[in-house]
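Notes follow once the structure below has been shown.
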Amino acid sequence: MEYIKHTTEFSVSEETAVSLGKFDGIHRGHGRLLECLKERKKSGLKTVIFTFDIPPKQKTKKCGQNKVLTTNEEKMQLFLLQGIDCLLECPFTFEIMHMEPEAFVEMLVKRLHARSIVVGTDFHFGHNRRGDYRLLQRLADAYGYEVFVVDKVQENGRDISSTFIREEISAGRIEYANKLLGYPYFVQGTVLHGNEIGRTLGVPTANLIAEEEKLLPPFGVYVTRTSFLDDQTKVYGGITNVGRKPTITGDHPAGVETHLFDFSGMIYQKNIKVEFLAPVRPEMRFASLEELKLQMHKDIKFGIKYYTNITNIC
């Protein structure tokens, strides 16, 4: 997959089918867009995702910024798995922010040779969000492209959206959030050296710090599934603690610590993907490390049973 980022001087030489949006989470609603986009390959068009390097709301709102479901790196990995030909992350500059809608369309046609444009019914673009799918349809003949408008996907009478999923994850309803996404919610990153408390207690963990903009589930313990980004064919069940280690003395950043079942080896500096399957319990402060150790073994026992059951079902 071609990955274009950090430049507003982008171009694609082939004729393309383009889908545009924030694509935060790349959920089941986005999946319908992507299927429509990939259908355009049958006409010989190169598939392009046009998104911004940060969500526009985070650039324009002064407060109340939302955490993202997927970082740019995570988004790239998901589009790679989807078989998209080109991911374009356009910097959300002052010039782009104030571009008139028709000028934005002209840019897509001239720079990306867009022949098909695929968008959702809620897509807006251009200065003050004045452009929408209706404007794209009105300009189609003049600029020589066709427009495909994809309806929303619903769950229980509500449109599936990044906001909906963010609410479910923030409330700790991981299994329902995964249903909306169409895959397990995940965090990926590089395994770092920790304080090795887990190893001291006989429960070694792989530790990573999520990107600052990444939405984490509520602090607590979860059943998870972990893979290595350089070889995602091998997956390991495990339990993961999200939190600040309240039992351990000191001020700790929010971290993601994963104990892998049936795994041994040193994995420092490895890039891993941790998928959240189900909650186990909230984060707790224990009176001693011995109490923490006993609870960790209870968590592991629960996690192994849960993971074995879902693996057998699959």
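Values computed for the structure shown
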| item | result |
| --- | --- |
| Dipole-positive endmost among G237, V149, G189 within the chain (Cβ charges, Cα centre) | G237 |
| Ellipticity estimate at 222 nm from DSSP helix runs (n ≥ 4, -39,500 (n - 2.57)) divided over the chain, nearest 500 | -9500 deg cm²/dmol |
| Neighbour count of at most 11 Cβ within 10 Å plus DSSP loop: longest GluC sites (Glu not before Pro)-free window in the chain | 10-195 |
| Identified option (computed Rg and Dmax of the Cα atoms in Å; candidates (i) 49.6, 173; (ii) 21.8, 72; (iii) 19.8, 70) | (ii) |
| Charge dipole (the chain, unit charges on Cβ, about Cα centre) - positive-most of P279, S162, G21 | P279 |
| For segment 277-294, Karplus couplings with θ = phi - 60° (6.51, -1.76, 1.60), whole Hz, Gly/Pro x | 9, 6, x, 10, 6, x, 5, 9, 9, 10, 5, 8, 5, 5, 5, 4, 4, 4 |
| Members of K75/K293; K273/K298; K41/K67; K179/K214 lying beyond 30 Å, as alpha-carbon distances in this model show | K75/K293; K41/K67 |
| Carbon and sulfur %, accessible surface of the chain computed with the full protein complex present, 1.4 Å | 51 |
| Residue with peak Gaussian network fluctuation, the chain [Cα springs, cutoff 10 Å], from V12, V48, V256 | V12 |
| Three-way shape label, segment 1-122, alpha-carbon gyration tensor, a/c 1.5 | oblate |
| Point-charge dipole on Cβ atoms (K/R +1, D/E -1) for the chain, about Cα centre, debye to 20 | 600 |
| Acute angle (nearest 10 degrees) that the helix 133-143 long axis makes with the longest principal axis of the chain, alpha-carbon atoms | 50 |
| Surface per residue (accessible, 1.4 Å probe) for the chain, Å² | 50 |
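The values are calculated or read from the model by the stated rules, or taken from the named source; none is laboratory data. Owing to the predicted nature of the structure, the values given are computational and were not obtained by experimental measurement. Note that we place each Cβ from the backbone using ideal geometry, even for glycine, and neighbour counts take in every protein chain shown. We work out accessible area using only protein heavy atoms, side chains counted, and drop any ligands, DNA or RNA first. Shrake-Rupley method; radii C 1.70, N 1.55, O 1.52, S 1.80 Å.
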